[in-house]
Amino acid sequence: MDSIHVFLGTSLLVFLAIVSIMVTYRTFMDPPNEFERINQTHFLQILLGSILLFLIILSTLSILIGQGSTASILSEHHFLITQNIELIAIILIGNIITLLLGKKSATLFFLISSMIIALLPTSRYEMIVLPLIAGPISSSLALILPGRIGSLKSGLLSGLITGLLFLGMELSVKDPTVFTLQTEAIAVIATTLLFPMLENVAMPLLEKSLGLLSEASLTELLDLNHPLLREFSKKAPGSFFHSLAVAQIAEAAALSIGENTKLARVSAYFHDIGKMDKPQYFIENQSTFNRHELLTPRMSSLILIDHVRKGIEIGKKYDLPEIIISAIPEHHGTRVMQYFLRKSRDGANSPADFPSESDFRYPGPKPQNKITAILMMADAIEATGRAVKIQDASPARAISVIDETLMEIQKDGQLDECPLTISEIATLKEVFVRTLLQTQHKRIAYPGAKTTGIAPSWKPKDAS
Ligand SMILES: [Fe+2]
Ligand SMILES: [Fe+2]
């Protein structure tokens, strides 16, 4: 009878260990997680904070064990409960690291926490090995099952894995007692309830205090019913539709070079929210009268530049993540408002009046990452495409317009501070041409259809 227990227990442990090794191998073969790169500036703080939190849990537990160690049976029960709490704490902290920094960083945490446990005089061998088996499986589940409902499912599965590991451990050495089985059942239920609760409480707190970003927050910001986007669509409908068009181009561009498509889309949604303040000064919101005709070029440029400052202010008011707010100034970088610079120079009466280029530059900074660089290019291409009525242009003309726009951005040094490579820029150019032609395509006027003020003026030659 005993040998069957040992065989079953050992088989279960070996099976879970093999699964864990396979998952860990995949972790290091997979390309880097986007959030690992985005949040990497906080890597040390998060890792050290997590280890500190784990040490606090350990020391609290050692005090509890010390209190219960007078009777040997109590000590055994406490030991089992303590092991469960330790393992749940390690896996929970590891899951949070996974969602913020990626699986590689979480694996590092599992290794360090195992080493810490190994140094404790009260530890048994299984507690050194268990985090290394349960941790990688659980962190993979956290990534496979994202979101609020997903965290409930991954909590349940992680709890089951933890329970199975303890069961295998008990079976491999002795008959499991009723107490052992009860403790494991409670541990599975506790994990199922604790994981989504703590992940949903700890994650927003960490994101807010450290200015980080997670997949779950990005998914929430994709919702066009977000209060800020609804306000944007009411106050500046033209700018809102421009942002949707930019989002479509930026998303396709991000996909083509393996960047985070959600981040590209969300950054595009919010990049021009500052235009809500004075919507009528932006061409996409003007119906007939151009307010800039009443202003000096310098005054016009100051109003346009101000949509960046206002956008940052609104973004902070609505608690947008730091990385989304940084896309607001970076989408213009330090570009020059050529139209108003030329107008101002044309109107200069003397050399003293001749304006300097720096007076017509956005304040920057230049794009600091690939997503804001994509956003700058997509924004410029969408606006140029609209201005030159690219829907009526031939593909050759569309390519040359996009070429000119991108060359201007590159020559001005706007992409100098972002890590885009030359081959990535070439790939992006192809995607921009394809997407722009798809989004601003020719709308076919059906025979007999009435032309409204909103419809394009283009008609096929044979239309009546
Ligand atoms: Fe803008
Ligand atoms: Fe824009």
Simple Cβ-charge dipole of the chain, Lys/Arg +1 and Asp/Glu -1, about Cα centre, in debye nearest 20: 1540 debye
For the stretch 109-190, what is one quarter of the convex hull surface built on the Cα atoms, given in nm²? 5.9 nm²
When a/c is below 1.5 the answer is rounded, else prolate if a/b is larger than b/c, else oblate, so apply that to the stretch 222-439 with a ≥ b ≥ c taken from the square roots of the Cα gyration tensor eigenvalues. rounded
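Please sort 321-331, 275-285 by packing, taking for each peptide the average over its residues of neighbouring beta carbons within 10 angstrom, highest first.
321-331, 275-285
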Tabulate in residue order the Karplus-calculated ³J(HN,Hα) for the stretch 277-292, using 6.51 cos²θ - 1.76 cosθ + 1.60 with θ = phi - 60°, rounded to whole Hz; enter x for Gly and Pro. 5, 9, x, 5, 8, 10, 3, 5, 9, 8, 8, 10, 7, 9, 4, 5
Accessible-area composition of the chain, carbon plus sulfur, in percent [1.4 Å probe]: 65 percent
At a probe radius of 1.4 Å, what is the per-residue accessible area of Val14, in Å² to the nearest 10? 80 Å²
Here the gain from full extension of Phe354 to Leu210, 0.36 nm per residue of separation minus their alpha-carbon distance, amounts to 47.3 nm
By the Cα gyration tensor axes a ≥ b ≥ c (a/c under 1.5 gives rounded; else a/b larger than b/c gives prolate, otherwise oblate), the shape of the chain is prolate
Give me a comma-separated list of calculated 3J(HN,Hα) values for the stretch 408-420, in order, Karplus coefficients 6.51, -1.76, 1.60 applied at θ = phi - 60°, integers in Hz, x for any Gly or Pro. 4, 4, 5, 4, 6, x, 5, 9, 5, 9, 10, x, 5
Pairs to check: Lys234/Lys262; Lys104/Lys366; Lys208/Lys317; Lys262/Lys370. Give those whose C-alpha atoms are more than 19 Å from each other in this structure. Lys234/Lys262; Lys104/Lys366
Give me the dipole magnitude in Debye, nearest 20, for the stretch 218-375 about the Cα centre, with unit charges on the beta carbon: positive for Lys and Arg, negative for Asp and Glu. 200 debye
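Would you mind working out the magnitude of the charge dipole of the stretch 351-392 relative to its Cα centre, with +1 at each Lys and Arg C-beta and -1 at each Asp and Glu C-beta, to the nearest 20 Debye?
It comes to approximately 240 debye.
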Once you order the gyration tensor axes a ≥ b ≥ c over the Cα atoms, which shape class does the stretch 194-246 get: rounded for a/c under 1.5, otherwise prolate or oblate by comparing a/b with b/c? prolate
Would you be so kind as to identify which of His307, Gly150, Gly333 lies farthest towards the positive end of the dipole of the chain, taking Lys and Arg as +1 and Asp and Glu as -1 on Cβ and the Cα centre as origin? His307
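May I ask you to give the solvent-accessible area per residue for the stretch 182-236, in square angstrom, as obtained with a 1.4 angstrom probe?
Counting only protein heavy atoms, the per-residue value for the stretch 182-236 is 51 Å².
The values are calculated or read from the model by the stated rules, or taken from the named source; none is laboratory data. Predicted model, so just to flag it, every value in this text is computed and none were measured. Quick reminder, even Gly has a Cβ in these numbers, built from the backbone with ideal geometry, and neighbours come from all protein chains shown. Surface areas here come from the heavy atoms of the whole protein model, side chains and all, with no ligands, DNA or RNA. Shrake-Rupley method; radii C 1.70, N 1.55, O 1.52, S 1.80 Å.
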